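Please read the structure below before turning to the comments.
Every read-out reported here was derived from the displayed coordinates using simple, explicitly stated rules and does not represent laboratory data. On a predicted model such as this, the values are computed, not experimentally measured, just so you know. Every residue, glycine among them, receives a Cβ derived from its backbone with ideal geometry; neighbour counts consider all protein chains shown.
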């Protein structure tokens, strides 16, 4: 048995370093100083380059095989088509920046459109009808928000369930028949083209500015990014996580409501299949392609709009080139997988 | 007693990018004996054990078991060499049964299919060896912490290990479960296993261990038989020398009286199950109170509970408002208290976001105009002012905070809270991982804050740092405040306070 303290060969070393050796930061955090800007910006660059490449490839193909794409008429048409997806994507960007997802947006849009249209068919008041659509959208969004933020339910599951409920209610209310015969003034106002620019496009521009302001220049917007980046740190930093998260779902619901108004006007009707299943994927794709991270905390509203433009042009272009609808789905899917992979590489992935 | 050590780790070094975490560390363990491995936060004991358990690779050095050099590059290789690692709970799979957990790394198979009856039988045998009659078909999520520990041990013992590592096994056990664990360890010793026991509770090493090895800053600093040393010796070795303490700010008073300034926060009888027990404390204006305790004593847990980041089971908080002490909930208190967390990157900072956002986040509501929009000028003024005052160096307010040095990151966290003009700050390990000059800068800022009438409750494993700023000390051990000491307390007395644990008699015959 050893009876005295024995210094295990460390004697000399100990004497030469009597005080604590300060450890650099990295040692204690278990990871190196790897958050450096260079790697991050390299990825962002890669994403930009990828977008530019795919975009020019599509435009080049279109110029060669479908010159009709570049007619003014078609270009305006594309912008109008884009507006629906863009406004939905703006709403989704709030939820995604906060680290969540809202799968119920298209169903919410259809539901809101149907409710407003049912009212307009008897009430003939397009203003109240539009208001009903917007309020209905926000309400469904608020339900999602309460479930996710206050009841701590998983966004994916909650919004999937809301989607099913809204869709079921929609079909039940309409018997799968589209609700036509909306007041003429409804379509007249919303399909007008002041200075040659369709109202839907103007609305998209206005909403983009509004959303950008909300995200960058309001307290809730800044807090939303913080939650998306690091919820634990946000709690310590006094961010009211529940309220801010719930608000992001309300924003998504509002955008679904606004889209309902514009789309019902364009179709001059409302029906349960306005928000078919493929739309969710298009919304998420628009966001991801537009630089909004699926992991939260990163992205801009205008990115979502550019992403929506990109998705619409790819779909429309492939269509004009006579590519089968199903093949175009395959192409779209592959493009999205590529972008999600880039998103994961950017280091935000867990 | 065996003359030759059964396990010998010799000159083991390991570095993570840019930093040495093990510097020629060594360790010897004998059959039929338990050896306590002690060290403060970051001393390298976990890394050394991860090397032994095959979870981390060493860069140099050698390991001998039973005189033979062995290579332990994976947990599988370690297991094959008879090394078993009982992890600090929760490496179990909660939704699987006891028997499945015990066999998770190697399910018994018969004819290509699982053989549940073999699994059950073997598990029952193993549990019986540990003196437990736990049903083998119950899901682990339904077990108490102590029973989970037993399952962990059963899993470790399945391959009849010759070296068993226990990593802080008692941190969440009840007194009865601890007694049972010590019996299990005694049984393992009778079976001639060599045991390595990591703990932060010094009393336990005298109850269960024959030898103790102390590590500090990646080096093995001492090794001895437990009956030749006192708990004070162990704490001294863990913490190292603490001479030449240059105090910042005022000279501390000689008494522990907390009747100086006006009361800012008064806490009575605060408890949280298994973590905090009947904590009473009073904080006054202009004082820096050092919350002194070893890792695992409940220091961080106390800070978190006070501001509602963890729930409490009981307790009353009173916060002074306009000279009146009014009852307040922990959640409400969070709105008034700045909290510099221990894990700066984990729950302190938003690494990809800018310095500006990181500093301004809790102050944002005060920077808006009538439209509720953030006014850029107000924001810039606040951030610029804070960056000047704390001398935060970087390319500017838009730089992502993750690209700053550790010292500047910590200043950003501090700036965030100072910007809210708080009356009370909690600093949890504020100097952790900082170089000497950054440490001093942070501590000076703390002193400045207190001189201006602010109150600070500070936690630090680095006793020198704590002593440089504290006006008095609260000593915390096992979730209770066990002593209140005056600012003039010496380093030796403070070390003594955390090693002198009255509960030792509980374990010692």
When a footprinting reagent is the concern and you count Cβ atoms within 10 Å, what order do A:235, B:381 take, fewest first? B:381, A:235
If you take each beta carbon of peptide B:343-350 and count the beta carbons of other chains within 10 angstrom, what is the mean? 6
Within 10 Å of each Cβ in B:405-413, how many Cβ atoms from other chains are there, averaged over the peptide? 2
Part-to-part distance (alpha-carbon centres) for region A:252-266 and region B:267-323, which is given in Å: 51
Crossing angle, helix B:436-451 versus chain B [Cα axis fit, 0-90 degrees, rounded to tens]: 50
If contacts are Cα pairs under 8 angstrom and at least 6 residues apart, what is the relative contact order of region A:282-324 in percent? 37
Once normalised by the length of region B:7-239, the mean sequence separation of its alpha carbon contacts under 8 Å that are 6 or more apart gives a contact order in percent of 30
Can you sort B:496, B:384 so the residue with the fewest Cβ neighbours within 10 Å comes first? B:384, B:496
Pull out a ≥ b ≥ c, the square roots of the eigenvalues of the alpha-carbon gyration tensor of the protein assembly as shown, then state rounded if a/c is under 1.5, prolate if not and a/b is larger than b/c, and oblate in the remaining case. prolate
Looking at the protein assembly as shown, what % of its DSSP beta bridges pair antiparallel, to the nearest 5? 60
Residues listed by number, region A:228-270, amide nitrogen under 14 Å from residue A:118 label point at 7 Å toward C-beta: A:270
Can you tell me which of B:448-458, B:215-225, A:208-218 comes out highest on packing, and rank the rest after it, using the mean Cβ neighbours within 10 Å? B:215-225, B:448-458, A:208-218
Rounded to the nearest 0.05, what FRET efficiency do residue B:436 and residue B:285 have when you use their Cβ-Cβ distance and R0 = 25 Å? 0.25
Between residue B:492 and residue B:176, with labels modelled 7 Å along Cα→Cβ, what's the label distance in nm to one decimal, could you check? 4.4
On C-alpha positions alone, give me the angle between the axis of helix B:175-190 and the longest principal axis of chain B, in degrees, nearest 10. 40
Calculate, in nm to one decimal, what residue B:62 and residue B:316 gain on full extension: separation in residues at 0.36 nm each, minus their alpha carbon distance. 86.0 nm
Sort B:318, B:209 so the one with the fewest other Cβ atoms within 10 Å of its own Cβ comes first. B:318, B:209
Tell me the Kirkwood radius of region B:403-502: reciprocal of the mean inverse pair distance over distinct alpha-carbon atoms, in Å. 14.6
With a/c under 1.5 counting as rounded, go ahead and sort region B:261-357 into rounded, prolate or oblate using the C-alpha gyration tensor (a ≥ b ≥ c being the square roots of the eigenvalues; past the cut-off, prolate if a/b is larger than b/c, else oblate). oblate
How high is the relative contact order of region A:52-151, given as a whole-number percent (alpha carbon pairs under 8 Å, six or more residues apart)? 15
For peptide B:357-364, the mean count of other chain Cβ atoms within 10 Å per residue Cβ is 5
Sort A:319-325, B:303-309, B:262-268 by packing, meaning the average of other beta carbons within 10 Å per residue, with the highest value first. B:303-309, B:262-268, A:319-325
May I ask for the percentage of alpha-carbon pairs in chain B that lie more than 45 Å from each other? 21
So for R0 = 45 Å, FRET eff. of residue B:183-residue A:341 from the Cβ-Cβ r, to 0.05, ends up at 0.25
At a Förster distance of 25 Å, what's the computed FRET efficiency of residue B:451 paired with residue B:331, Cβ-Cβ distance as r, to 0.05? 0.25
For region B:7-239, what class follows from the C-alpha gyration tensor (a ≥ b ≥ c being the square roots of its eigenvalues): rounded when a/c is under 1.5, otherwise prolate if a/b is larger than b/c, else oblate? prolate
Over chain B, what is the percentage of antiparallel beta bridges among all DSSP beta bridges, to the nearest 5? 55
